[in-house]
């Protein structure tokens, strides 16, 4: 009870919960992470409460697990790895501090979601590139920190784009604003001087925001960020480039990336596209049978300067490029119309979450590779699926070029019935074996959740040593989400 009273002195008493039902919801997610019940759930509303909570955790040696998105969670990163942890729920920090149309920058708190942010940006003629159909309660900041790929590779100049400046409360309780904001005396003074939080580097010569990227909350808690936005298109079209084999689409995609044509550029197999468009298992299965096995989605956007002319010349040039590789640029394919797909990918997922609509559960395997190697990974996944008696026709594949096409995000989605112990056991075996096979084939697990952490760090002693040194600097008492990554 003493601990609960101490927490209630930091935040409002009603924001501290030890209700068994509430604790149980935070003790597990949709992944195979072993459930561990936290001791308390604390909802914070501002950076001062976060700082006080981290200082309290250091005094009492209490583990903290930050979470900012609503359920369901899928990766085990918000499930405590040790008993006695306190969940730090940041979902109530929903302020949009500023939208700077001139510099195309927005400053937002950690609990802001895509459905909250995008309409406000649209009022200023802006938008933020999104991942593929994020959950409606997905934190924008969490998505950016976890480097979830966005759909517009030509706008991504580094692996962390469009993330810019951040405010971090480190594991030792110190507070730091990174990038341009590190030189500010206050937000208000910076705005009076028309300064924008657009430069991510610094303060000094160190890009501190990289220490919290894909760290799963193990070095500190981010309370706000600035993001680089893009102009809202005045004219926007989507086209399909279908093919029977993935290999047939690679040279075309490389050429589009080389010329920086298009906006949205991604590759889906028929099951993933059907899952995006369909409602319920029956509809998804029927759509998948109609759709071509593979398709490139190419979005072309015209903005404030000659928008129609921009769309017209790109459509013509991309059509010519497709013909050079024996392909077609089409506004419609069997089973899908461009208008309905564009409407879907420009917004967060409907309910239920699109990956759960087929069977009620799913497990993802994703990593970074290069585009030319993706057919080999797909072939290997099919081979492992056959060995584990998993139906290949129900496997979703999503390939997203990132960082101007220098690499790509390769993702396999494996639906299963969570209420069936037989299917759950089978998918767990499949997931473990497939993850090991992907690593052997050269997959780079840049976001090592769960068992991927052991697979990745056991092979890289030097990186592991450096990360542990960094952890010791910023979180010397190991209170921030202990047990994740290599900590």
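Taken together, the values in this text are just the output of simple stated rules run on the coordinates, not laboratory data. Remember, predicted model here, so these are calculated numbers, not experimental data. With ideal geometry, Cβ positions are generated from the backbone for all residues, glycine too; neighbour counts draw on all protein chains shown.
Taking 0.36 nm per residue of separation and subtracting the current Cα-Cα distance, fully stretching the chain between residue 313 and residue 255 would add 19.3 nm. Exposure proxy for 409, 236, 382: other Cβ atoms within 10 Å of each Cβ, ordered fewest to most, give 382, 236, 409. In the chain, Cα pairs under 8 Å separated by at least six residues give a relative contact order of 16 percent. This ranking places 358, 114, 457 by how few other beta-carbon atoms lie within 10 Å of each, fewest first, which gives 457, 114, 358.
Look at the alpha carbon pairs under 8 Å that are at least 6 residues apart: their mean separation over the length of the range 235-345 gives a relative contact order of 43 percent.
Dividing the mean sequence gap of close Cα pairs (under 8 Å, 6+ apart) by how many residues the range 324-470 holds gives a relative contact order of 25 percent. Length gained on full extension, residue 183 to residue 439: 88.0 nm, using 0.36 nm per residue less the C-alpha separation. Helical content of the chain, expressed as a calculated mean residue ellipticity at 222 nm, amounts to -10500 deg cm²/dmol (DSSP H runs of 4 or more residues, -39,500 (n - 2.57) each, divided by residue number, nearest 500). When a/c reaches 1.5 or more, the comparison of a/b and b/c decides; with that in mind, is the range 23-148 rounded, prolate or oblate per its Cα gyration tensor? In terms of gyration-tensor shape, oblate. Between residue 325 and residue 417, the simple spin-label model (points 7 angstrom out along Cα→Cβ) gives 4.0 nm. In the chain, the longest principal axis of the Cα atoms and the axis of helix 280-290 are about 30 degrees apart. Specify whether the C-alpha gyration tensor of the range 447-487 places it in the rounded, prolate or oblate class, a ≥ b ≥ c being the square roots of the eigenvalues: rounded for a/c under 1.5, otherwise prolate if a/b is larger than b/c and oblate if not. Taking the square roots of the gyration eigenvalues as a ≥ b ≥ c, the range 447-487 is oblate. Taken over the Cα atoms of the range 102-162, the convex hull encloses 89 Å³ per residue. With Rh defined as the Kirkwood radius, the inverse of the mean 1/r over Cα pairs, the Rg/Rh of the range 235-345 is 0.98. Computed from Cα positions, the angle between helix 461-474 and the longest principal axis of the chain comes to roughly 50 degrees. Between residue 332 and residue 194, the distance separating the two model label sites (each 7 Å from Cα on the Cα→Cβ line) works out to 4.9 nm. Shape of the chain from the C-alpha gyration tensor: oblate (a/c of 1.5 or more and a/b not above b/c, with a ≥ b ≥ c the square roots of its eigenvalues).
Packing around the peptides 399-406, 291-298, 99-106, 309-316, taken as the average count of other Cβ atoms within 10 Å per residue, puts them in this order, highest first: 291-298, 399-406, 99-106, 309-316.
Translational diffusion of the range 96-231 was estimated from the Stokes-Einstein equation, with Rh taken as the Kirkwood radius over Cα pairs; at 4 °C and 1.567 mPa s the coefficient is 87 µm²/s. Here the simple spin-label model places points 7 Å from the Cα toward Cβ, and for residue 373 and residue 469 these points are separated by 2.7 nm.
Which whole-number percent of Cα pairs in the range 314-398 have a distance greater than 14 Å? Value for the range 314-398 (Cα pairs over 14 Å): 78 percent.
When the P(r) of the range 2-89 is calculated, the portion above 17 Å amounts to 43% of the C-alpha pairs.
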